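Student: Below is one structure. I have some questions about it.
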Amino acid sequence: MRALIAGIVHESSTFMVEITGPTGQRDFDVHVGPELLAEFTGTNTCVGGYLAACQRHAVTAVPALHARAEPGAAVDPAAYVLLADRLVELARAAGPVDIVLLDLHGAGTLVGGASLELDLLARIRALVGPDCPVAATLDLHANVPVRLPVLADVLVGFLEYPHTDMAERAELATGLAIDAAAGRLRPVTRSLDLPMLLPPSPTRGDAAAEARELARAASAAPGVLACTVFHGFPYADVPQASTSVVTVATDAERADEVNVRIGGWLWEHREHFRAATLSPAAAVSQALAVAGPVVIGDGTDNPGCGATGDSTYLLRALLDSGARCCLATVYDPATVASAVAAGVGADIDVLLGGRHGWASGPPVSATAIVRAITDGRVVQQAMRRGKVLDFGPSVRLQIGSVDVISSTRRRQVLDPEILLLHGMLPERYDIVAVKSVSHFRAGFSAVSDQLLVADAPGPLTREIETLPRQGPTTALWPMNPSARWVGDQESRLVR
C-alpha cells in the first residue's frame, strides 16, 4: 500500500491583513520529497504521526509537498495557488496511491474569505478520484466548512490545547484510512456547526477539559471511530468560522447523534468558556505577589494566533516593576541587526518593538547591553517535540533588570529552549514572559506551576466580542448574545 503525504498549513486572521499585509509565499517553510521525510520523521507532529503509522503498518510513504507558515494574516491567493499547483504536480508525478494523508489546519483563509483547505481538498479529490480514501488532520481551532467532510473520508482534529497530541491523532487518521482502503471499514464523517465561537480555551481548564473528555468518551463508544470538538478560530471573520463537532463513525445516524449531544452540551455551557483577563500591569503585580518564577504569556501578542510579535505593553510593565524578568521574543530585525553589528558586550541605543501602531504599542526607547548573539535555531521539547524551530538570528539584550530576546523571525515561544540558547536559566528570574497565549503551558509547566496570561490592547484579544467585526461572525455568540441554536443536525446554523 502507498500513502501520499502532503499539506499546506496556515491559521489565518482576517483582522491582520491591514496591519501586516497578507501572508505571502516567502512566509512558508516548504519541504518536498525526501526532504519532507528527513524534516518530520520522529517528531510529535501530524506528519511525524503519519510517517510512524505508515512504518508500523508496512505502508510506503510517498512524500509530495508540505508547506507551513507561522499563523498570520489571510493568505495571498496568488501565493496559495503557486503552492497548491506545485503540490498537485508532485502528487501526480508520484503515481497512483492507495490513500492520501493531509496535514491541514482548518482555519486557512485566503484574502477574500475563501477556505484554503476546501480548495486544496477539492484539488486532491479531483486528482485521486472518488474511491481513494483521503484522511486529513485538523487543528483544534479549525473553522470547518460544510463541504469539507464531503471531500474527505476521514477528518480527525486535535483534542489537546496545547496541541501535544498531534502525532497521536495523525496515527489514528492513518489507521482509519488504511482500513478503508483495505475494505475493512466504510467511515462516515459528519459535522455539526454551532452559532458560536470560543476564545482561546486551553484544555487544562475546566470547560475545555470537559469538552475534550466528552469527545474521548464518544470515540470509545461502539460504531464511533473518532470525535473532535473544534473550538473554531475566532480571529477570522468568514462564513465558515464557528465552533463545531465532527464525528467519524460507521454510519451517519450514529455520527449525528454524537454531534448533536456534544453540541448541546457546548451550547449549554458556552458561558463557562469566557476568559478572565488581566492587564499587563495586573499580571506583573500578581506574579510578584508570590514566590517566583512565574510565567506570563503575552496573550494578545501571540504569534501563534497571527499577532505581530513586537507588542511592548507587557515589556513596559516588566521594566516598570524593577524585578528580575525576561521576555522572549520581540520580533525586531532592525534591532537584531544593530546588536549584531555592535557585538557582544556593547552598549546600544534601541527603539525596540512597536512597529505596527496600536497593534503593538509604541517602541521602547532604551540603552541596552548586548549579552548574546545566536542563530535562533532550537529543537522543540514539548509541543512539536523533535521539530526544529527557527527564530532567525537573535540577540539577548539587557535593559535594566530585564533580559529581552529579540528575533528576526516572528515565532511563538513554546518551551524554554530559546532562553537556554541565549544562556538564560528560567529559574533565576522572578518573571518569565513569553509571546504565547496557551501553548507555553506545555513547555513551561516544569518551570513553574504559576502560569498567567496578560491581555494587552491589540487585534487578537481573548475578549473576542470586542473585535471590530463587520462580517458573518457578528451573528455568532458571544458577539451576538441573542444567537440561538435549534439543536437539529439538518438545520445547522440559525443566525
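Student: Roughly what would the spin-label model give for Asp131 and Leu37, points 7 Å off Cα along C-beta, in nm?
Tutor: According to this spin-label approximation, the distance is 2.8 nm.
Student: Only one of the listed values, [x] 39.7; [y] 25.0; [z] 21.2, was derived from the coordinates as mean projected area of the Cα convex hull in nm²; which label is it?
Tutor: [z]
Student: Right, another one. With the full set of protein chains in place, find how many percent of the accessible area of the chain is carbon and sulfur; take the probe as 1.4 Å.
Tutor: That fraction is 50 percent.
Student: In degrees, nearest 10, range 0 to 90: what is the angle between the Cα axis of helix 77-93 and the longest Cα principal axis of the chain?
Tutor: Helix 77-93 sits at roughly 50 degrees to that axis.
Student: Here is a follow-up. Mind checking the full-extension length gain between Ala182 and Val290? Use 0.36 nm per residue of separation minus the Cα-Cα distance, one decimal, nm.
Tutor: Separation in residues times 0.36 nm, less the Cα-Cα distance, equals 33.1 nm.
Student: Just the number please: accessible area per residue for the stretch 1-87, 1.4 Å probe, all protein chains included, in Å².
Tutor: Spelled out: the 1.4 Å probe surface of the stretch 1-87, per residue, equals 38 Å².
Student: Take peptides 328-336, 416-424 and line them up by average Cβ neighbours within 10 Å, highest first, as a rough protection proxy.
Tutor: Per-residue mean Cβ counts within 10 Å order the peptides as 328-336, 416-424.
Student: What ranking of Glu11, Glu268 comes out by heavy-atom accessible area, probe 1.4 Å, highest first?
Tutor: Correct descending sequence by accessible area is Glu268, Glu11.
Student: Per DSSP helix of 4 or more residues, -39500 (n - 2.57); summed, then divided by the residues of the chain. What does that give at 222 nm, rounded to the nearest 500?
Tutor: -8500 deg cm²/dmol
Student: Mind computing the radius of gyration and Dmax over the alpha-carbon atoms of the stretch 232-272? Å is fine for both.
Tutor: 12.3, 34
Student: About its Cα centre, how strong a charge dipole does the stretch 1-86 have in debye, to the nearest 20, once Lys and Arg get +1 and Asp and Glu get -1 at the Cβ?
Tutor: 440
Student: Using label points projected 7 Å from each Cα along Cα→Cβ, tell me how many nm separate Glu89 and Arg377, to one decimal.
Tutor: That separation, rounded to one decimal, is 2.8 nm.
Student: Take Ala221 and Ser482, extend 7 Å from each Cα along the Cα→Cβ direction, and tell me the distance between the two endpoints in nm.
Tutor: Placing both labels 7 Å beyond Cα along the Cβ direction yields 3.5 nm.
Student: Mind ordering 382-393, 31-42 by average Cβ neighbours within 10 Å, highest first?
Tutor: Ranked by mean Cβ neighbours within 10 Å, highest first: 382-393, 31-42.
Student: In whole angstrom, how long is each semi-axis of the equivalent ellipsoid of the stretch 195-288, when you take the square root of 5 times every eigenvalue of its Cα gyration tensor and sort them from largest down?
Tutor: Three semi-axes, in Å: 31, 15, 10.
Student: Right, here's the next one. Considering the dipole of the chain built from charges on the beta carbon (Lys and Arg +1, Asp and Glu -1) around the Cα centre, which of Ala252, Ala78, Val134 is farthest to its positive end?
Tutor: Val134
Student: With only Lys, Arg, Asp and Glu charged, each at its Cβ (+1 for the first two, -1 for the last two), find how big the charge dipole of the chain is about the Cα centre; round to the nearest 20 debye.
Tutor: Here the chain has a charge dipole of around 280 debye.
Student: Next question, about the same structure. Rounded to the nearest Å, what's the spacing between the alpha carbon centres of the stretch 122-156 and the stretch 36-104? Just the number, please.
Tutor: 14
The values are calculated or read from the model by the stated rules, or taken from the named source; none is laboratory data. Since the structure is predicted, the reported quantities are computational estimates derived from the model, not experimental observations. FYI the Cβ positions are ideal-geometry reconstructions off the backbone, even for glycines, and counts take in every protein chain you see. In case anyone asks, the SASA skips ligands and DNA or RNA and just uses the protein heavy atoms, side chains included. Shrake-Rupley method; radii C 1.70, N 1.55, O 1.52, S 1.80 Å.
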